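The values are calculated or read from the model by the stated rules, or taken from the named source; none is laboratory data. Bear in mind that the values here come from a model prediction, so they are computed numbers and not experimental data. Positions of Cβ are backbone-derived with ideal geometry, glycine not excepted, and every protein chain shown enters the neighbour counts. Keep in mind that these areas ignore ligands, DNA and RNA; they rest on the heavy atoms of the full protein, side chains included. Shrake-Rupley method; radii C 1.70, N 1.55, O 1.52, S 1.80 Å.
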Amino acid sequence: MRLVGLTGGIASGKSTVSNLFISEGVPVVDADVVARDVVKKGTGGSKKVVKAFGNDILLENGEIDRARLGHIVFTDPAKRQLLNRLLAPYISSGIFWEVFKLWIKGSKVIILDIPLLFETKMDQQTSPVIVVWVDPETQIKRLMARDGIPEEQAKNKINAQMALDQKKTKANIVIDNSGTIEETRLQFQKVLNQISRPLTWKEYALSRDGIFLLLTSAVVGVLAVRKNLP
């Protein structure tokens with residue numbers, strides 16, 4: 001099984017690339033979706049976050065106000081680190097189960113769409129690692145237009161994350177999303193061909209079919225030995 005890491009930065013276009021994989025039938029495990037699930041009302045993640053940040057972050061229906069919580073952690077690095085520490089075990093577990101379900105279905109290539117791929121060391125579990133990159137000026141302009149915020153606020157949000165240029169140096173594959181969607185699609189097709197190459201023996205051994213083949217071979221071997229015993 002091939003686990004492909006996909007990451008980027010805010011307003012870099014990572015979601016665009018993720019959706020391109022989905023449109024080609026490549027399964028994607030989205031860490032943002034998992035993160036939303038682990039803080040739903042009544043979950044262990046929700047209880048820990050409320051205990052740490054107080055009831056002021058709750059909506060009237062008892063759900064966490066994600067916009068309010070996001071504002072708090074974006075303006076305070078210490079609180080952002082605290083939130084990441086609280087939710088990391090729940091998110092990691094959620095990602096594992098999503099991957100396991102796809103493994104049971106026989107998926108051989110799975111994209112792990114994780115914004116904090118490097119920060120959480122998940123890049124060590126994925127290969128190759130794809131970074132969706134844009135130049136700083138384009139990133140700021142797109143974020144301002146997307147969120148309707150002033151330039152200074154956009155810069156603060158961007159600076160709260162690992163710099164895209166730093167992520168770029170850690171990548172196996174870089175998709176430059178600074179241009180048009182057509183240019184991004186052309187790069188994506190090359191990447192799709194690259195990650196769709198035949199599995200290595202090690203990757204195949206970790207797939208559902210590979211495990212089944214190993215187990216079958218072991219059973220056949222045991223039966224053959226028993227048959228030849230006096």
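Table for the structure above
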quantity	calculated
Sum of -39500 (n - 2.57) over DSSP H runs of 4+, divided by residues of the chain (222 nm, nearest 500)	-18000 deg cm²/dmol
Gyration tensor (alpha-carbon) shape descriptor, the range 59-155, a/c threshold 1.5	oblate
Karplus-derived 3J(HN,Hα), 6.51/-1.76/1.60, for each residue of the range 127-135, Hz, glycine and proline x	6, x, 10, 9, 10, 8, 10, 9, 6
Within the chain, longest stretch clear of exposed trypsin sites (Lys or Arg not before Pro) (DSSP loop, no more than 16 other Cβ within 10 Å)	122-230
Partners for K141 among aspartates and glutamates (Cα-Cα distance below 15 Å; same-chain residues under 8 apart left out)	E151, E152
Environment charge of E63, counting only residues whose C-beta is closer than 13 Å and scoring Lys/Arg +1, Asp/Glu -1	+3
With at most 14 other Cβ atoms within 10 Å, longest stretch of the chain clear of loop GluC sites (Glu not before Pro) (DSSP)	64-230
Dipole of the chain, positive direction: furthest Cα of S23, P136, I195, with charges on the beta-carbon	I195
Heavy-atom accessible surface of the chain: percent carbon and sulfur, 1.4 Å	57 percent
Evaluated at q = 0.13 Å⁻¹: base-10 log I(q)/I(0), Debye formula over Cα of the range 41-106	-0.44
Electrostatic dipole magnitude of the chain [Cβ: Lys, Arg +1; Asp, Glu -1; Cα centre; debye, to 20]	960 debye
Listed residues D123, D113, D56, most fluctuating in the chain (Gaussian network, C-alpha, under 10 Å)	D56
Shape of the chain, Cα gyration tensor, a/c cut at 1.5	oblate
DSSP-defined beta bridges in the chain - what % are antiparallel, rounded to 5	5 percent
The range 70-85 - phi-based ³J(HN,Hα) in whole Hz, Karplus 6.51/-1.76/1.60, Gly and Pro as x	x, 5, 4, 6, 6, 9, 9, x, 5, 6, 5, 5, 4, 4, 4, 5
Helix 136-147 vs. the chain, principal-axis angle (Cα, 0 to 90°, nearest 10)	80 degrees
Per residue solvent-accessible surface (Å²) - the chain, probe of 1.4 Å	59 Å²
Helix 44-53 vs. the chain, principal-axis angle (Cα, 0 to 90°, nearest 10)	30 degrees
